[in-house]
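Read through the structure below, which is laid out as structure tokens, and then see the notes.
The values are calculated or read from the model by the stated rules, or taken from the named source; none is laboratory data. From a predicted model like this one, the values you see are computed outputs, not experimental measurements. For neighbour counting, all protein chains shown are included, and Cβ atoms are generated from backbone atoms with ideal geometry for every residue, glycine included. Please note that ligands, DNA and RNA were not included when accessible areas were found on the heavy atoms of the full protein model with its side chains. Shrake-Rupley method; radii C 1.70, N 1.55, O 1.52, S 1.80 Å.
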Amino acid sequence: MDRIKKRQSRGLCLQLLFANNFSENTFDQLLSNFFSDIDKDIEEPKFNDAQINYASKLYSIVLKEQQKLDDLIEKKLVNWEMSRLAAMDRIILRMSIGEMLFVDDIPPKVSITEAVEIAKEYSSKDSSSFINGIMDAIYNEHCIAK
């Protein structure tokens, strides 16, 4: 899968994880709702099976490893609490750190770069630098020795 399609998969996963904050639906239910809610007058995004599978993989990692991911994030927050993070930033961090630590075929630096780019698109003006700092700190602690 090329990098553009992989980024689209990450964006899809991010949106489904955000929706998961407000429901108890499964990945498949959220995915179905995602496609049924798209305005049919607007060209809807096309996701191939590989993209959906990758989004599902990231989604599963975040749900399975959420406590570990949250603990890693919380350790890097200075004078801040996890509960005060914007929901979108928290989800971007969980997804990106999950990818960095649990997806072997993606170089950790790619996960960091993608987290920053996704934050620029989906979050606030200052989020990308904040996310970069947290990701870099976790990379330095958990990935350099590998």
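Within segment 57-85, track down each residue that is at pLDDT below 95 and among the hydrophobic types (A, V, I, L, M, F, W, C).
Answer for segment 57-85, where residues must be at pLDDT below 95 and among the hydrophobic types (A, V, I, L, M, F, W, C): L63, L77, V78, W80, M82, L85.
Taking segment 26-54 only, how many residues are modelled with pLDDT under 80, among the hydrophobic types (A, V, I, L, M, F, W, C) and not in a helix (DSSP H, G or I)?
2
Go through K64, K57 for me and flag whichever is under 16 Å from the mean Cα position of the chain (by Cα), in a helix (DSSP H, G or I) and free of Cβ contacts under 8 Å to residues at least 12 places away in the same chain.
K64
For segment 122-129, check the following and say yes or no: at least one residue is of a type outside the set (S, T, N, Q), surrounded by fewer than 16 Cβ atoms within 10 Å (Cβ to Cβ) and more than 25 Å from D28 (Cβ to Cβ).
yes
Report, ordered by the first and then the second residue, all pairs with beta carbons closer than 8 Å, sequence separation of six or more or different chains, a first member in segment 11-34 that is free of Cβ contacts under 8 Å to residues at least 12 places away in the same chain and farther than 17 Å from K57 by Cβ, and a second member that is open to solvent by less than 40 Å² (accessible area, probe 1.4 Å) and in a helix (DSSP H, G or I).
Qualifying pairs under 8 Å: S23/L30; N25/A19.
Among the numbered criteria (1) open to solvent by 20 Å² or more (accessible area, probe 1.4 Å); (2) touching a helix residue (DSSP H, G or I) at 6+ places or on another chain (Cβ under 9 Å); (3) closer than 26 Å to D2 by Cβ, which single criterion is violated by D105?
Only one criterion is unmet by D105, namely (2).
Got at least one residue in segment 67-83 being open to solvent by less than 10 Å² (accessible area, probe 1.4 Å) and part of a helix (DSSP H, G or I)? Steps first, please.
The initial filter retains those residues of segment 67-83 that are open to solvent by less than 10 Å² (accessible area, probe 1.4 Å), namely 69, 73.
From what is left, the residues that are part of a helix (DSSP H, G or I) are 69, 73.
Within segment 67-83, one or more residues are open to solvent by less than 10 Å² (accessible area, probe 1.4 Å) and part of a helix (DSSP H, G or I).
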